[in-house]
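For reference, the structure discussed in these notes is given below.
The values are calculated or read from the model by the stated rules, or taken from the named source; none is laboratory data. Bear in mind the structure is a predicted one, so any value in this text is a computation, not a measurement. We place every Cβ from the backbone using ideal geometry, glycine too, and count neighbours over all the protein chains shown. The accessibility values were calculated without ligands, DNA or RNA, using every heavy atom of the protein model including side chains. Shrake-Rupley method; radii C 1.70, N 1.55, O 1.52, S 1.80 Å.
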Amino acid sequence: MKKLLLTLLVLAILGGGGFAGWWYAADRGLIAGKPNSPRAENFKAAIDHHLAQGARNFYSQPCVSVPVPPGTQGGGFKDTRFDHTPVGFFVSPDLRNDPGGSIKNRLAFLEKQGLLQSSITAGGSTEFVMTWRGFAASNGNGCFHVSSAERDAKIIGFEKKRSENGVDIYEVTASAQPKSIEAWAQTPEFKDLFPQQSGMLRQLNPDPVIYELARGDTGFTVITERGQPTRSPASEQAAITVKLVGKLTADRVKAAAQSYIARTSEHVANNRLCLQLPGAHEVDQITPDPRVTASTAAATDLSFDIYNLINRELRDGDPRLRSYAFLRRLETLGIARSELLNYSEFNGAPAQGGVRFVLPRSFTERFAGGPRGCYVLGTLQVEEAIRFMPFSTGQPNPPFTARLALTPVDEDAKRIIAAFGHYSRVAEAGAVLSGTLNYKDGELQVGHAQLRLPTFHPDVSGLRLPVIQTGLSRPPGAAPLGARGFISVPNAQSGSLTGTAVHAIGVYEGRLPGGLRREAGSHPEGVVNVTVHPTRDPAVLYLVAYEPVNWVLQVRPGARLTRIITSGYHAQRVTVQGAAGVPVVTTPYRGEHSDPFNGALRVTGVKPASAQHQYSGASFEVGR
């Protein structure tokens, strides 16, 4: 019995010694077996986990951009602001913006990868648009991904640096290369076409990085990278969520996105394409504010006033010009009506009149069927989940992007959509919904999302607000002045000139007073005298000049002058003698001083009854 006990004791001592030896060797990293032993594979596991938290979205991926000129004013898709989505991306390189052809060659290379699509116009130029595949392979800002966001750590070396409060700190040098690189980004053609992408190439072949890792009971944790503190490791709850979600598929993401956009309320219109009426900062005055409930908006007319303030310079990007173009477009559709405002000031600022657009109650009753301020043109449905990232402990709320399709509510909505290029782009290409996913109440849901619709961006380079010489008395037969003093006069370009005769006069310059001669580079105001005799029909004058002109009109007794339309490269002024209250409207100059007949026809839509032209005009007569 004693011999057996002695044998067991010896074996226990030997076994304990062997275990202690194994434990010591594993703890020091001499052999594998412990997740917190200082070995390359354990450091790699910790750094890989850290890198996974950095690959949180599409925007962290190495990408290559093309320095395309962002769509010029009025260029690209009609009425649509340039952006890097299939809805707004439109590039047409030419000798002006791409003299060496380098941009075109790069775009053609990306087209071969299926990221862009080109077409040839009747004039022979090449136009490029973005495919949905290209959008899925980009960061949304014109940079196309060349590798995955996920990176793989390669351990170069390590050593123990110190111990803090009993915790061992190791310094590990590692490189973190992308797990996958697009084949086309490794070709000689790519390197020739994109030689400037040195920053992106460094991401594909990054320099080694020094990490500090703290040793715990069950493994290592990265605490600094390049000397900077890192984020804390993912929580246990994130790991549980990953298991609950299971496999993430495009169909599941599509269903979650559709459920999200189907939620509507008084304030939310996720699944509606709305006719975005000008807001308070885009016009001078709105009565009443259209951003009210549907029932209130449908109970009255809506009016939008834009004043031609003398001290305000309306540049191409001014929202009032865009609003003017937008409301004029509604007027051509017969939805809005306009009236000229004979008002010499607005809020204390001097003005040369203005224009009021009115949307009648019949319109607001028809379209104010959605949430607050939304005049519904159509509904949106999720067609496809373009891209999404899986749930992970490093990414508990992964991003996604979906493509939405538009269904107009009826034929009237189709007519409006067809008249506005940015709405037409939604009908043709779709809309973008991007956001994040979460897992809540046992189902996949959209946490936060943004509907990206194209912005109305018309070509307003030649657009000018109507100019009215204010302070004039009310013409005979005009409607009484309203509270803000408007005269009921048709828009100069509306074509509503029934029963009138248009008379056109064009000059390059007027006669300079005192026999002065025009010097090169100077633009003094000349004078042109026009005598208006009685005519069978009421007369409308179209006066156009290149140089500044003061048109002095002598209206004979019995003459019925109902309107004066001016156009000029430089400022035009009108002085009326023998009549009062004749409205004066200024229209965009199109170089038609030498062809006043066609200029008047373009502006009024009416064939002129007479047309006269001189290079240096001194005097003209109308009606004799």
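Residue 251 to residue 183: FRET efficiency via 1/(1 + (r/R0)^6), r the Cβ-Cβ distance, R0 45 Å, to the nearest 0.05?
The formula returns an efficiency of 0.95 here.
Under the Karplus relation 6.51 cos²θ - 1.76 cosθ + 1.60, θ = phi - 60°, what is the ordered set of whole-Hz ³J(HN,Hα) values for segment 536-546, x standing for Gly and Pro?
Taking θ as phi minus 60°, the curve returns 4, 10, x, 9, 10, 9, 10, 10, 9, 8, 7 Hz for segment 536-546.
Residue 256: net charge of surrounding residues, Cβ under 13 Å, Lys/Arg +1, Asp/Glu -1, itself excluded?
+1
Taking R0 as 25 Å, what's the FRET efficiency between residue 345 and residue 464 from their Cβ-Cβ distance, rounded to 0.05?
For residue 345 and residue 464, the calculated efficiency is 0.80.
For labels at residue 119 and residue 210 in the simple 7 Å Cα→Cβ model, what's the distance in nm?
5.8 nm
Across segment 138-152, in residue order, what do the Karplus-derived ³J(HN,Hα) couplings come to in whole Hz, using 6.51 cos²θ - 1.76 cosθ + 1.60 with θ = phi - 60° and x for Gly and Pro?
10, 8, x, 10, x, 10, 8, 5, 10, 7, 6, 6, 6, 10, 10
If amide hydrogens are placed 1.01 Å from N in the peptide plane, which non-local residues have theirs closer than 5 Å to the one on residue 168?
Long-range HN contacts for residue 168: 215.
Give the Rg/Rh ratio for segment 552-624, taking Rg as the radius of gyration of the Cα atoms and Rh as the Kirkwood radius, to two decimals.
Result: Rg/Rh = 0.93.
Listed here are the pairs 34/161; 34/440; 247/440; 104/154; 112/414; 44/191; which of them are more than 27 Å apart at the Cα?
34/440; 104/154; 112/414; 44/191
Between residue 179 and residues 5 or more places away or on another chain, which pairs have amide H atoms under 5 Å apart, with H built 1.01 Å from N, and which residues are they?
148, 150, 151, 152
If you filter segment 531-577 for trypsin sites (Lys or Arg not before Pro), then keep DSSP loop positions with at most 14 other Cβ within 10 Å, what is left?
536
Where the only charges are on Cβ atoms (+1 Lys, Arg; -1 Asp, Glu), what is the dipole of segment 112-206 about its Cα centre, to the nearest 20 debye?
Details: 10 positive and 10 negative charges, 12 e Å.
Once rounded to the nearest 20, the dipole reads 60 debye.
Of the heavy-atom accessible surface of segment 84-132 (probe 1.4 angstrom), what whole percent is carbon and sulfur? Can you show the working numbers first?
On the way: 1180 of 2250 Å².
Solvent-exposed carbon and sulfur of segment 84-132 make up 52 percent of the total.
Between residue 94 and residue 226, what is the label-to-label distance in nm when each label sits 7 Å out along the Cα-to-Cβ direction?
4.3 nm
Could you order 619, 118 by accessible surface area, starting with the largest, using a probe radius of 1.4 Å?
Working: 619 75, 118 45 Å².
The residues order as 619, 118, largest area first.
Ranked from the most accessible area to the least, with a 1.4 Å probe and all protein chains present, what is the order of 225, 159?
Largest to smallest exposure gives the sequence 159, 225.
Using the Karplus curve 6.51 cos²θ - 1.76 cosθ + 1.60 with θ = phi - 60°, what ³J(HN,Hα) values do you get for each residue of segment 271-286, in whole Hz, with x for Gly and Pro?
Running phi through 6.51 cos²θ - 1.76 cosθ + 1.60 with θ = phi - 60° gives 10, 10, 9, 9, 6, 7, 6, x, x, 5, 7, 10, 9, 8, 7, 10 Hz.
What spacing in nm lies between the two simple spin-label points modelled at residue 411 and residue 624, each 7 Å away from Cα in the Cβ direction?
My value for the distance between the label points is 5.5 nm.
Taking every pair of distinct Cα atoms and averaging 1/r, then inverting, what Kirkwood hydrodynamic radius in Å comes out for segment 377-438?
13.1 Å is the Kirkwood radius here.
What are the residues whose amide H is under 5 Å from the amide H of residue 230, where those residues sit 5 or more places off or on another chain and H is modelled from the backbone?
224, 225
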